[in-house]
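Read the structure below first, then the notes.
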Amino acid sequence: MEASLVFRRVYTKAALAVLWPAGMEAPLTFPIYRAAFSGLLAMFISIGVARFGYGPLVPALVGAHWYSATAAFWLGAVNLLGYFFGAALMRGWRGSFAAKPVVVALMAATAISLLASALDWGVLWFGFWRLVSGVTGGVLMVLMAAAVVGRAPASQKGRVGGITFAGMGSGITLSSLLIPLMVAHGLVFTWAVLGVLGVVATIIVAALMPASTITAAPRQAGGTKMSRPVLLLIAAYAGSALGFVPHMLFWASFVAIGLHRGITAGAEVSAWLGVAAAIGPVILGRVADRFGFLPTLLTGYLVMAGAVALPIFNDSPVALIISAVGVGAVALGSVMLAAGAIAGLSAPGRLAANWGAATMAYAVMQAAIAAGFSSLYHATGSFLLLFTIGSVCLVACVGLLVAAMRAAKEAAAF
């Protein structure tokens with residue numbers, strides 16, 4: 001028991017070093033709940049509402065003749081492209097800066113993008129603001145880990161991180177529940193309400209968030225060559241984006257348009273996706289503590305592959321809920337699982353570099369697949385083809401993880 005406890009503490013510190021780099025020292029007294037709630041609101045607006053909340057709105061955008069279905073899906077891909085740019089900007093940034101003013105400014109920009117989307121001024125106008133919200137989401141995703149979670153005492157990082165990143169699932173759930181009610185009053189009203197939510201969240205964060213300074217982390221030592229197990233793990237993590245994009249971008253439209261069940265039904269199944277996204281990471285974290293990060297990630301991808309494929313064979317309401325829950329829980333929980341697995345396979349000097357490479361690979365793959373799937377839907381008009389491709393790719397990701405586990409065992413034997 002003593003040895004197990006020591007191992008867990010060492011492993012946890014290694015995993016936290018990946019997610020929260022050096023340069024963020026915790027003060028003697030830290031306002032845990034102020035920081036955590038600030039992080040939750042930032043993730044709620046920038047990712048949960050501005051990014052994932054767009055999916056349930058696509059049927060309404062098409063139905064109101066603002067854009068064609070193909071154009072609406074492409075606009076969703078533009079947001080993911082912005083997310084990649086935002087993540088790339090943070091990874092390449094080398095200067096130090098005060099975090100709180102930047103966080104508030106980014107949240108304000110996100111709120112403005114939501115308000116600006118209420119104006120039907122054409123594809124270029126709408127696409128620009130979708131790009132802006134993607135950039136702000138990508139920056140905030142990286143920044144909040146350092147500015148909020150990174151400042152928490154070591155014993156509280158898990159609690160603060162759990163609250164912070166639960167904001168994504170909370171945003172998905174709330175926007176999915178509100179959208180069916182709001183679209184009855186028109187798209188202008190809907191976007192305006194979402195924008196006001198963004199403004200309110202920004203004001204609260206400006207008042208609550210503790211001050212902090214982000215200090216550029218030193219370049220990593222330990223060589224530049226990435227081990228084979230880590231390469232295989234990163235390939236699997238990036239490849240899993242193919243399994244998530246069909247539900248992330250097309251799920252509500254599949255139910256509302258593809259199954260002819262209406263906007264309300266599409267929003268309801270999206271809400272289940274959000275509920276699972278909020279609680280899945282917590283459950284998977286407990287499972288990983290007992291069985292290991294890599295085996296849990298492998299099992300999760302198998303579950304997710306089945307959940308993505310389920311609508312191909314059964315489109316009953318219960319099956320759709322099961323599919324949404326399976327995908328939502330694993331897709332967002334896999335971020336934490338992949339980080340923990342990479343920590344266990346990386347030398348101390350390679351942790352941040354390896355996790356940075358995984359994050360960038362996933363962002364690139366997600367943006368590319370969103371654009372590719374949008375084109376594929378335009379060419380075929382088939383949602384089921386997207387689910388088929390996604391599920392097959394997740395099975396391939398499982399194969400990559402099996403190879404990573406074998407390579408890790410071989411490396412440990414020498």
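Cα centroid separation, the range 88-132 to the range 227-287: 24 Å.
Here's the picture: charge each Lys and Arg Cβ at +1 and each Asp and Glu Cβ at -1 in the range 20-218, and of 61, 146, 170 the one pushed furthest to the positive end of that dipole is 146.
For the pair residue 121 and residue 105, label points projected 7 Å from Cα toward Cβ lie 2.2 nm apart.
A compact globular protein would have a Cα radius of gyration near 2.2 N^0.38 Å; the ratio found for the range 220-409 is 1.05. Go ahead and run the numbers for FRET between residue 89 and residue 283, Cβ-Cβ distance against an R0 of 30 Å, rounding to 0.05. Step by step, r from the Cβ atoms, then E = 0.40. Radius of gyration over Kirkwood radius for the range 20-218, both on Cα atoms: the Rg/Rh ratio is 1.00. Taken about its Cα centre, the range 194-313 carries a charge dipole of about 380 debye when Lys and Arg each add +1 at the Cβ and Asp and Glu each add -1 at the Cβ.
Say a paramagnetic label sat at a point 7 Å from the Cα of residue 211, along Cα to Cβ; which residues of the range 83-120 have their backbone N under 14 Å from it? 97-102, by backbone N distance to the label point.
Where a number appears in this text, it was derived from the coordinates with a stated rule and is not lab data. All figures in this text were calculated on a predicted structure; none of them were measured in a lab. In this analysis, Cβ positions are derived from the backbone assuming ideal geometry, glycine residues included, and neighbour counts consider all displayed protein chains.
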